[in-house]
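Contents: one structure, followed by commentary.
Please treat every number below as a calculation from the coordinates, not as lab data. All of these numbers come straight from a predicted model, not from anything done at the bench. Cβ atoms come from the backbone with ideal geometry, glycine included; neighbour counts cover every protein chain shown.
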């Protein structure tokens, strides 16, 4: 199933190196020796988790169906426009962020607000709906950062 | 939007009195004077919350699309069979359960395990997919119970 | 630190076999071949997690200080009596319950309501304060059950 | 109890205007007409919630006891140094952040990382322990921001 998740992410415009780049940027100040390879392998480790795979598939399915008009209104409009009071995307992402404990929470919130790199591209996409995907990607990057912290400090 | 949510629930086989019945059963031991009317009005108050409305609409959309084969595999198979390791339904329900604080958590878990009343009917439905809906209904009943506790003890 | 946590649990009246007994009772219907040894080793695996260790130490510290009168009122009274609207114990337990994903949530809520075995003893203790500990133990048992499910179905 | 919470915050160096200042800074870009008075009254509304009051009292009690050496090691050392893998402070704050729904999550994470205003003072205090308090204050500011969003968009 991991391969399917990676393929789906790629179809929606997200390569694993894009996620790894966010992880590197986030963790560089704390771990100057962090290589791109370690960031990438950590992202891959996060994607090994069944819970993460399920959540990404659900989120991408919702984005895609909003985009194709398969969701009924008012939900379709809410998802398509990422209405400010819509919080289901954050809830889903929380299930990813927390797979290495709550220390991932801070990084998730920061990424979701500042939206560096691929997150900004997703958020500003002219035609595609990425209401769920940007939070999911932020969640994966935050979980990967938590995993790096665990491995270094443990 | 509240009316749409109530109509959607009804279309999927859940009337508000079914949810109120669970609330009454759950709270009767602690509040012997609890009337069916109060349980029902508390369920209605939970459904007033924007976050609850959004979450129910998302969950029902996912159930319906799994049922109609609009979700791709492997997600379609996972949702249709409510695979034991699938936890996205519980995550979504958590967003409802917690609207009156974490004291709703215990009741949610209990209802999700024991599955009284309408929850058992949903869970054993011969043809329809209710992977998300049974958790959402348990979440609404748990939140309503928390609201009753807040009103009585506050 | 794991040894310290196990010793602290024991000082507060909780042996690991007590937690393993709850896990066995909970999982027996689904995994008839589950031995007490596997339940116990799964509880030990849960206690390996840093986040679980920290949370247990914090909870026991709060119980102990309420018991010894080191907390100021109104907090001391709230913790000592496990006031119905107090939800901090459930929040802390959530950090344990979720270490193997949200599928632990249902079992946590069920255990926290039904309070089998050692949980009932803790909850009814005539002199000691176990407001946090009973939730923490339920959280460990729920996480262990989730781990068993992951190992069997994966 | 609200008065006790406000007094405790003040004793630990946090005035409500400090929290309101963070809320204003956070929300100004979205709501240019937001006055300091509205930010302050929103902070007061967050502090009306029983769950918020309980959580703040627990967190301040833990900080204070670490400071005074009443916590046993290893917990005392972990809390005093805010060890990077310690996540109990974030879990507690989550109970505050979510009182107006999960849309508060993003702001909490952002504040906890960037640490504007009073958060930086707390975090860098030369002698006092504020391991819990800085997260709690970030949680209150995030919840207040969510409340403002709800009132404006609803």
Original post:
Taking only DSSP H segments of four or more residues, each worth -39500 (n - 2.57), what value at 222 nm results for chain D once the sum is divided by all its residues, to the nearest 500 deg cm²/dmol?
Top reply: -21500 deg cm²/dmol
Subject >> Degrees, to the nearest 10: D:16-27 long Cα axis against longest axis of chain D >> reply: 50 degrees
Original post:
Relative to the longest principal axis of chain A, what angle (0 to 90°, nearest 10) does the C-alpha long axis of helix A:36-47 take?
Top reply: 50 degrees
**OP:** With a 10 Å radius around each residue's Cβ, average the other Cβ atoms per peptide and rank B:122-130, D:116-124, highest first.
**Re:** D:116-124, B:122-130
Subject >> Pseudo-label separations to other copies for residue C:15 - Cα-to-Cβ vector, 7 Å, nm >> reply: 5.3, 5.8, 5.9
Subject >> Cα long-axis angle, helix B:88-97 against chain B (0 to 90 degrees, to the nearest 10) >> reply: 20 degrees
Original post:
Given a cut-off of under 8 Å on Cα pairs at least six residues apart, what relative contact order in percent is computed for the stretch D:25-142?
Top reply: 33 percent
Original post:
Quick one: if you stick a label point 7 Å off each Cα along the C-beta vector at residue D:80 and residue B:83, how many nm between them?
Top reply: 4.8 nm
Original post:
Could you state the principal axis extents of the C-alpha atoms in the stretch D:7-154, from the largest down, to the nearest angstrom?
Top reply: 48, 26, 25
Original post:
Which Cβ of chain A lies nearest the axis of the rotation superposing A onto C, and at what whole-Å distance?
Top reply: A:98, 3
Original post:
Any idea what the residue D:1 label distances to the other copies are, label 7 Å down the Cα→Cβ vector, nm, shortest first?
Top reply: 2.9, 3.1, 4.1
Subject >> Potential extension, residue C:4-residue C:17 segment - 0.36 nm per residue separation minus Cα distance >> reply: 3.0 nm
Subject >> Average partner coverage of A:42-54, which counts Cβ from other chains inside 10 Å >> reply: 3
**OP:** Mind checking B:93-100 for the average number of partner chain beta-carbons within 10 Å of each residue's beta-carbon?
**Re:** 6
Original post:
Distances from residue B:33 to the same residue in each other copy, label points 7 Å out along Cα→Cβ, in nm, shortest first?
Top reply: 4.5, 5.7, 6.9
Subject >> Over the protein assembly as shown, equivalent-ellipsoid semi-axes from the Cα gyration tensor in Å >> reply: 32, 29, 26
Subject >> Cα centroid separation, the stretch A:1-52 to the stretch B:76-128 (Å) >> reply: 31 Å
Original post:
Which ordering of A:135, D:112 is given by a fewest-first count of other beta-carbon atoms within 10 Å?
Top reply: D:112, A:135
**OP:** Take every residue in peptide B:79-87, count the Cβ atoms of other chains within 10 Å of its Cβ, and give the average of those counts.
**Re:** 5
Subject >> Highest average packing first - A:93-106, C:41-54, Cβ atoms within 10 Å >> reply: A:93-106, C:41-54
